[in-house]
Amino acid sequence: MIRIREKYGLSERHACRIVSQPRGTQRYVPTLRADEDALTQAIIALASEYGRYGYRRITALLQRVGWKVGQDRVQRIWRREGLKVPKKHKPRSRLWLNDNSCIRLRPERANHV
């Protein structure tokens, strides 16, 4: 946005209209809280300890410990840190066949199993 203004000598209003961006967005300066780093470390520690928990349950654990934090803030940090809940694994099929043999068949060709 600033490059457009400098390159073409436009006012902020005209430059924002060209890129279809509200002027308030252009002027927004994010505020960092003092406990942001400690909260991020706490979220990462809980996410590594409880691998199947998502941001909602991690929020509940943080609140139980004493953090005054909401789901929106935890979700924002969760996404920023790239945390994800791993997919559930499909349970493996039986090891035995109907004739009581205990051999797991191996694939013979592509897309066989």
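Just a few scattered comments:
- Elements of type helices (runs of 4 or more DSSP H) in segment 1-93, at least 3 residues being surrounded by 10 or more Cβ atoms within 10 Å (Cβ to Cβ) and touching a residue at least 12 places away in the same chain (Cβ under 8 Å): 12-18, 36-49, 55-65, 71-80
- Leading residue by the ranking (nearest to Arg73 (Cα to Cα)) among those in segment 16-35 that are modelled with pLDDT of 85 or more and of a type in the set (S, T, N, Q): Thr31
- Any hit, segment 93-104, residues being at pLDDT 80 or above and of a type in the set (D, E, K, R): no
The values are calculated or read from the model by the stated rules, or taken from the named source; none is laboratory data. Treat the numbers as computed from the prediction; the structure is a model and nothing was measured. Backbone-built Cβ (ideal geometry, glycine too); neighbour counts: all protein chains shown.
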